[in-house]
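Heads up: the structure comes next, in C-alpha cells.
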Amino acid sequence: MATTGVTQAAEANRPSAAADTRQLVGFSFYRLDPAWRRLPRATRRRQAAELCQVVSAHAKELMVLTYSLLGLKADVDFLIWRVGRRLEQLQAMSGAVLQTAIAGYLSMPYAFLSMTKRSTYVDKLDPDHPDRRRFITPFHSTYLFVYPFVKTWEWYALPLEQRQAMMDEHIILGNKYPSVRIHTTYSFGLDDAEFMLAFESDSPQDFLDLVMEMRESKGRRYTLSDTPIFTCVAKPLPDILKALGG
C-alpha cells in the first residue's frame with residue numbers, strides 16, 4: 001500500500017488540540033501519455049525515478065498517498081492525494097512535478113481542492129465525529145473511492161432539524177459497514193463542488209452495498225451531483241509507474 005511520507009508528514013500536519021487549524025486537501029489525477037512507453041526503457045526508468053524522488057521529497061512536509069487507476073478509469077492512470085496546511089505547499093509540489101522530464105508526458109484530467117473542518121451536523125450517535133473531521137488520518141486501506149458532491153438548493157432551505165435527521169439516517173446506514181471509513185472535506189468557494197468524499201475500505205463489495213442503500217435514503221433526493229467517481233488502488237508510486245511501462 002502507498003505510505004509515501006505518511007507517518008512523518010501526518011504528524012507534522014496534525015493541528016494542536018487548542019487550535020481550529022484546518023488542512024488543505026488536494027486530489028490530483030494524472031494521465032500518462034502512451035507515447036512515453038515508446039521511449040527507450042533506460043529513459044523511462046530514469047524519468048520514473050526522478051518523479052518518485054520529487055514526490056518523496058515533498059512528502060516530508062505534506063501527507064502524500066498514491067493510488068493506481070490503471071484499467072479502472074479511461075482517462076486517468078494514477079492519483080496523488082496530498083494534505084497540507086497551506087496552498088503554497090500544494091503548489092510547490094505541483095510545480096516540482098512539472099519540472100521533471102516525465103512531465104512532458106503527463107496531463108491532469110481532474111484536480112479537486114478541499115479543506116477539513118468540523119461537521120455542520122454534530123452527531124450525537126458518534127461523540128468522536130467532530131474531532132475526527134479536523135484532520136485527515138489515513139487508514140491505509142487497499143482501496144479509495146473518491147468523488148465530488150453537490151447538494152441541491154432545497155437542502156439548504158430545510159430546517160436544521162430535518163437535515164440533521166436525514167444525516168442521522170446516513171450515519172446509521174454507514175455504521176452497518178464498519179469496513180468503510182469516510183473522509184469528508186469541504187470545497188465551498190475553493191472549488192466547483194461543495195464536498196469531496198473519500199472512502200477507504202478493503203472491501204469493494206461493502207462499499208457498493210453501502211452506496212446502494214444510501215440511494216434509498218431520504219436525503220438522496222437532495223443530491224444534485226456526485227460524479228465523476230474514482231475507484232483507486234493504493235500502491236507506491238514506483239510500482240504504479242512500473243505498471244505503466246516504467
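Values in this text are rule-based calculations from the coordinates and carry no lab data. None of the values given here were measured: they were computed from a predicted structure. Neighbour counts are summed over all protein chains in view; Cβ atoms, including those assigned to glycine, are modelled from backbone coordinates with ideal geometry.
Rounded to the nearest Hz, the phi-derived 3J(HN,Hα) couplings of the range 185-193 under the Karplus curve 6.51 cos²θ - 1.76 cosθ + 1.60 (θ = phi - 60°) are 10, 10, 10, 3, x, 8, 8, 5, 7, where x marks glycine and proline. Ordering Trp81, Trp36, Trp153 from the fewest to the most neighbouring beta carbons within 10 Å gives Trp153, Trp36, Trp81.
Quick check: the angle from helix 160-175's long axis to the longest principal axis of the chain, C-alpha only, nearest 10 degrees? It works out to around 60 degrees.
R0 = 51 Å: FRET efficiency of Asp239 with Ala157, Cβ-based, nearest 0.05? That gives a FRET efficiency of 0.60. For the chain, the pair-distance distribution built from all alpha carbon pairs, in bins 5 Å wide starting at 0, is 1, 6, 13, 17, 19, 16, 12, 8, 5, 2, 1, 0, 0 percent.
Relative to the dominant Cα principal axis of the chain, helix 204-215 is inclined by about 40°.
To the nearest 0.05, how large is the calculated FRET efficiency for Ser56 and Ser107 if R₀ is 25 Å and r is the Cβ-Cβ distance? Efficiency for this residue pair is about 0.70.
Straight-distance candidates among the lysines for linking to Lys60, with alpha-carbon spacing under 19 Å and chain neighbours fewer than 8 residues away dropped: Lys235. What angle, in degrees between 0 and 90 and rounded to the nearest 10, separates the Cα long axis of helix 87-98 from the longest principal axis of the Cα atoms of the chain? Value to nearest ten degrees: 30. Measuring spread by the Cα atoms of the range 129-230 yields a radius of gyration and Dmax of 13.6, 39 Å.
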